[in-house]
Amino acid sequence: LSLSLPLSRPLSRSLSLAAAPRQHYPFLVLGGGCGGVAMGARMKRKFGAENVAIVEPSEMHYYQPMWTLVGAGAKSVGASGRPTASVMPSGVKWLKSRVAELNPDKNSVCIDSGTEVSYDYLIVALGLKLHYEKIKGLPEGFEHPKIGSNYSVKTVENTWKALQNFKRGNAIFSYPNTPVKCGGAPQKIMYLSDAYLRKTGRRSDAHIIYNTSLPVIFAVKKYADALWEIVKKRDLHVNLRHNLTEVRADKQEAVFENLDNPGETKVFKYEMLHVTPPMGPPDVLKDSLLADQAGWLDVNKETLQHVKYPNVFGIGDCTNLPTSKTAAAVAAQSGVLDRTITKVVKKDQPDKKYDGYTSCPLVTSYNTVILAEFDYNGQPLETFPIDQGKERRLMYYMKADVMPQLYWHGLLKGFWGGPGPFRKVMHLGMK
């Protein structure tokens, strides 16, 4: 039999399953992004590789935080990806398929190969979905020059081409009217573009504009104050409550709606346009019993256990956790979720609480970063005993060189659960 059934299950059960395309795994992980692979590795270590399966259709796994630097020419897109097979925990079953249907009442999911996969415990790590198509004129507009997006492997190199080919005019950077992953990324590429145009002697011919749907430049006041200082110093133009609704790529025009006066639009001509697409929950999750009203996975914000189905858990971008959707958040969540699942399997109460920790290395040039770290309450939760609200070279090297290694060799292997323990040491035991 090639059903990869755990040996702990009775042989008669295995034989009865041979007739129907059905499989069972005690621990089933949906999604092979950073949250899914990290939890697969952790479950393997706790419960044995033969008891764990990960559902993921993609052949390649990307370290997406690097795409900010790819879009600015500081890294190559090839350096950001590795074959999915190389990051899957060894011995864990990789079901190379998409999730077609979630049936939590039956403790099973259907995958698009037609197979029903049942589970004892389910970990949902499906990420989110990019919706370029919700902007009129996209994604087909990306076939034209001068427009890019660091949020997709297909369009990130377009950003770098548009920046290199910039002559004179408006360089516009957008932020959509939806939750997004890495809320700092839409403006990081603006600071890098400003730095590049200064370096190449073209800054005086550029009018740099950041049009964001948000009423603030950044959600945490400490870092927002620092960013406003940079905006003023570098002559950048920020328009709050401006939402990109249409791109006329053939005319190099971008249409923004004023969210404070719905229906009022303004057309901007551009020489370069960086698009951050609207984002939302994956369709298969949105249409399931596991979703909240907005379509996100409905989990307890402290334990990451589903609010209705106690054997279902969530991690990362697909959840309704009220914190920024970042890989740093996933790392912190993975340590908590590991503990939660271990307790639930033992019929104990979860006792470790996720505090909403997330981090955003705000790249402000080719050698400086403001390392924003904060919790559910928007309070800074900084690792280092220095003021992280300042631009620092050290933090740039952390972002560019240290964090990718921590991702591939720490987080994805299930060993990195965020900087919490180091923070305590650095601050001599004080939060």
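What the table shows:
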| quantity | calculated |
| --- | --- |
| Qualifying residue in region 260-270 (condition: closer than 28 Å to LYS325 by Cα, at pLDDT 95 or above and under 27 Å from the mean Cα position of the chain (by Cα)) | no |
| Criterion (within 25 Å of the chain's Cα centre (by Cα), open to solvent by less than 30 Å² (accessible area, probe 1.4 Å) and among the aliphatic types (A, V, I, L, M)) met by exactly one of ALA254, ALA226 | ALA226 |
| Single unsatisfied condition, LEU126 versus (1) touching a residue at least 12 places away in the same chain (Cβ under 8 Å); (2) surrounded by fewer than 24 Cβ atoms within 10 Å (Cβ to Cβ) | (2) |
| Where a residue in region 245-265 is closer than 15 Å to PHE142 by Cβ and outside any strand (DSSP E or B) and its partner, wherever it lies, is open to solvent by 70 Å² or more (accessible area, probe 1.4 Å) and not aromatic (Phe, Trp, Tyr), with Cβ under 7 Å and at least six apart | ALA249/HIS144; ASP250/HIS144; GLN252/LYS269 |
| Selection count where residues are touching a strand residue (DSSP E or B) at 6+ places or on another chain (Cβ under 7 Å) and either assigned to a loop (DSSP other than H, G, I, E, B) or farther than 26 Å from PRO310 by Cβ (or both), scope region 275-288 | 8 |
| Flag for VAL117 being more than 25 Å from the chain's Cα centre (by Cα), β-branched (Val, Ile, Thr) and within 30 Å of ALA329 (Cα to Cα) | yes |
| Qualifying positions in region 154-174 - in contact with a strand residue (DSSP E or B) (Cβ under 6 Å, 6 or more places away or on another chain) and open to solvent by 20 Å² or more (accessible area, probe 1.4 Å) | ASN158, ASN170 |
| Pairs, first farther than 29 Å from ASP225 by Cβ in region 391-416, second part of a helix (DSSP H, G or I) and open to solvent by 90 Å² or more (accessible area, probe 1.4 Å), C-beta under 9 Å, six or more apart | GLY414/ARG45; PHE415/HIS409; TRP416/HIS409 |
| Helices (runs of 4 or more DSSP H) lying entirely in region 313-431 (those with 2 or more residues that are open to solvent by 50 Å² or more (accessible area, probe 1.4 Å), out of contact with any Lys or Arg (no Cβ under 9 Å at 6 or more places or on another chain) and farther than 30 Å from ALA291 by Cα) | 393-397, 403-406, 420-426 |
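The values are calculated or read from the model by the stated rules, or taken from the named source; none is laboratory data. As the structure is a prediction and not an experimental result, all values here were calculated from the model. Please note: Cβ atoms are built from the backbone with ideal geometry, for glycine as well, and neighbour counts cover all protein chains shown. Each accessible area value is taken on the protein alone, full model and side chains, heavy atoms only, with ligands, DNA and RNA left out. Shrake-Rupley method; radii C 1.70, N 1.55, O 1.52, S 1.80 Å.
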